[in-house]
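What follows is one structure encoded as structure tokens, with my remarks underneath.
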Amino acid sequence: MEDDLSEALDTRHNSANDDGAQAAPAASRDAFAKAHSFNRAELAEASGLHPYFKPIAAQHGGTVLANGREMVITGSNDYLGLTQDDRLKQAARAALDTFGTSCTGSRFLTGTLTLHETLEGRLAAFLDKEAALTFSAGYLGCLSVVAALAGRHDILYYDRENHASLYDAARLSFATLRKYAHNDLDELDRLLRADANRPGGRIIVSDGVFSMSGHIVDLPGLVELKHRYGARLIIDDAHATGVLGATGRGSGEHFGLMDEVDVVIGTFSKSFASVGGFMAGERKVVQFVKHHARPFIFTAALPAMQMAAALSALDIMEGESQHRERLWHNVERFRNGMQNLGFDTLGSETPIVPVLVGEDDRTLAFWKGLWDAGVFTTPALPPGVPQGQAIIRTSVNANHTDEQLERLLAAFEKVGKGLGVI
Ligand SMILES: Cc1ncc(COP(=O)(O)O)c(C=O)c1O
């Protein structure tokens, strides 16, 4: 059952996304038959082993109210801990009063607010690019940028561990697709070389921080290949903006290569403590995406409240380094603590700390042990991760207190020893 569950509830990209290979459902004259016979989730719920869709009743700092009690949460993406910040809440309220609850229209038609242009100008300046464009979700930003720019005659090279948004974006584009093994630039080099005589443009697209392993992209290597083969480079910095670099400007700043990234994609749903997405790059390229991307044009514009919260978060990112400093203090404390206990954190270098458990059954039992111990977290099972390498995907935020980190470490130690993982 666990295998079934993992397949049904894959949280990252899945085999269906993986170059379109999905097992054909049993032939039936009723297209809904597959839904009517789908009972894996109910079975898992009944056995107490359904780790997903757990409702949170309230949230405060590093804790949540769930299942009728206070639990320490690990795995959220509120990296700078700003979802509870009064300044963001007040900015959102003020925007609500001025602009109302929704734009009710596409950016293209009646949905462009002055606030969109203000936020886009600020993002472009923050990332040192000519222009920026916002989207109603980071997911839609990935679809928009890649599908608009990777055209019929182009070749799109992408890392196997890229986020599902980029997998779906690749499928939506008409480009020829080439997948390379995770951070394996020798393979990417071979692929680019093999295509040397083909016409069309080349685009390399990669996560800046990989959302499951917490690895950082080999940006210097990608930049070298980009120049060698005349490719364009797009980096999805969803987990890097606000987190990496001396001033939180992401993977480009981390490596001192901000100018070399042709397009940065980002989201407001993580460090920015809001919802929505954005791209930043050359003015002409932004203008092109704005007039061609269907996932941008055919959906309602990002609402004012979300933008006001993101703008307030941007003010804080630019003006207050203490949130990022506290984040990294917590990351090091937690990761070192886990490693000292004997856990394998798969070489993570960022606030995303995967904890390798291995087999699916054991990982679900691990999750249940943590749940019972008052830790709110989620596992990642194959095909979201390789077979036999299921993980508990933890992440640490700036709003975790030392006491909460100790509670996390104590729970992991108890469950890890009980299951023989450490
Ligand atoms: C690497 C990456 N890109 C894009 C997204 C999509 O962002 P959003 O939640 O804003 O749709 C995510 C979200 O988890 C992500 O991890």
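Since every read-out is calculated from the coordinates, none of them should be taken as a lab result. These numbers were taken from a predicted model, which means no experiment stands behind them. Glycine gets a Cβ as well: all are built from the backbone with ideal geometry, and neighbour counts include every protein chain shown.
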| note | Once the dipole of the chain is set up from charges on Cβ (+1 Lys and Arg, -1 Asp and Glu), the residue from the list Ile216, Cys142, Pro382 lying farthest towards its positive end is Cys142
| message | Calculate the FRET efficiency for Asp128 and Ile422 from the Cβ-Cβ distance with a Förster distance of 60 Å, rounded to the nearest 0.05. | response | 0.85
| request: Calculate the length of the line joining the C-alpha centroid of segment 367-422 to that of segment 225-263, in whole Å. | output: 30
| note | 1/(1 + (r/R0)^6) with r = Cβ-Cβ of Arg333 and Arg283, R0 = 41 Å, i.e. FRET efficiency to nearest 0.05, evaluates to 0.45
| said: Once you order the gyration tensor axes a ≥ b ≥ c over the Cα atoms, which shape class does segment 179-274 get: rounded for a/c under 1.5, otherwise prolate or oblate by comparing a/b with b/c? | reply: prolate
| task | Arrange Ser321, Ser348, Ser269 by Cβ neighbour counts within 10 Å, fewest through most, would you? | result | Ser321, Ser269, Ser348
| request: Counting other beta carbons within 10 Å of each Cβ, put Thr345, Thr110 in order, fewest first. | output: Thr110, Thr345
| task | Could you compute the FRET efficiency for Asn67 and Ala33, with r as their C-beta to C-beta distance and R0 at 30 Å, rounded to 0.05? | result | 0.35
| task | Determine the shape class of segment 63-210: with a ≥ b ≥ c the square roots of the Cα gyration tensor eigenvalues, call it rounded for a/c under 1.5, and otherwise prolate if a/b is greater than b/c, oblate otherwise. | result | oblate
| Whole-Hz couplings from phi, Karplus 6.51/-1.76/1.60, listed for segment 357-371; x for Gly and Pro | 10, x, 6, 4, 4, 5, 5, 5, 5, 5, 4, 5, x, 5, 4
| Net dipole in debye of the chain [+1 Lys, Arg Cβ; -1 Asp, Glu Cβ; about Cα centre; nearest 20] | 900
| request: Note down the relative contact order for the chain as a percent, whole number, built from C-alpha pairs under 8 angstrom at least six residues apart. | output: 23
| task | Between beta-carbons, use under 10 Å as the cut-off and find the net charge around Leu244, counting Lys and Arg +1, Asp and Glu -1. | result | -1
| query | From the phi of every residue in segment 145-152, what ³J(HN,Hα) in whole Hz does the Karplus formula 6.51 cos²θ - 1.76 cosθ + 1.60 yield, where θ is phi - 60° and glycine or proline is x? | reply | 5, 6, 5, 6, 8, 8, x, 3
| message | Rounded, prolate or oblate, given the Cα gyration tensor of segment 297-395, with a/c below 1.5 counting as rounded? | response | oblate
